[in-house]
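Pasting in a structure now, in structure tokens, and then I'll have a few things to ask.
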Amino acid sequence: MRIVEHPILDFKRGRLVRFTFEGRELEGFEGEPIAAALHAAGVRVLRRSAKLHRPRGFFCAIGNCSSCLMVVDGVPNVRVCVEKLRPGIRVERQEGHGELK
């Protein structure tokens with residue numbers, strides 16, 4: 001589920017690292033957006049809308065919308081479309097507006 005070759009863009013990959021998504025260990029490339037790593041792993045629903053609980057996925061990919069707000073290492077409201085993947089991070093779906101724990 002990754003673009004490997006593109007006629008215009010050059011994809012430089014970081015090293016393969018492991019991270020945790022809702023208790024499940026996944027792999028992605030260090031430095032890529034967390035949302036890209038989740039998408040490549042088959043995760044399509046990143047959160048649900050606060051009011052109507054409708055599924056939200058990878059949408060703008062530039063940090064403008066709120067479709068990708070997730071909890072990263074216990075911090076809510078992280079835009080995972082622009083947050084870079086690091087080894088060992090913990091990512092969870094966010095309920096509602098997010099709460100500090």
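Only the coordinates and a few stated rules stand behind these numbers; no lab work does. Please read these numbers as outputs of a predicted model, since none were measured by experiment. Cβ coordinates were reconstructed from backbone atoms using ideal geometry, including for glycine residues, and neighbour counts include every protein chain displayed.
Need the full-extension length gain, His6 to Ser49, defined as separation in residues times 0.36 nm minus the C-alpha distance. One decimal, nm.
12.2 nm
Test of understanding: given the chain, find the longest segment containing no GluC sites (Glu not before Pro) that are in a DSSP loop and have at most 15 other Cβ atoms within 10 Å.
No qualifying site falls inside 31-94, the longest such stretch.
Just how large is the dipole of the range 15-101 about the Cα centre, in debye to the nearest 20, putting +1 at every Lys and Arg Cβ and -1 at every Asp and Glu Cβ?
280 debye
Give me Ile3, Ile8, Ile34, Ile89 ranked fewest to most by other Cβ atoms within 10 Å of their Cβ, as a rough exposure proxy.
Neighbour counts put them in this order, fewest first: Ile8, Ile3, Ile89, Ile34.
Given that just one value was derived from the coordinates, which of (i) 18, 17, 15; (ii) 23, 16, 11; (iii) 32, 20, 13 is semi-axes √(5λ) of the Cα gyration tensor in Å?
The listed entry that was calculated here is (ii).
Ok, one more. For the chain, what does -39500 (n - 2.57) per DSSP helix run (n ≥ 4), summed and divided by total residues, give at 222 nm, in deg cm²/dmol to the nearest 500?
-1500 deg cm²/dmol
Can I ask one more? Given His39, Val17, Phe59, which one lies farthest toward the positive end of the charge dipole of the chain, if we put +1 on the Cβ of every Lys and Arg and -1 on the Cβ of every Asp and Glu?
In the chain, that residue is Phe59.
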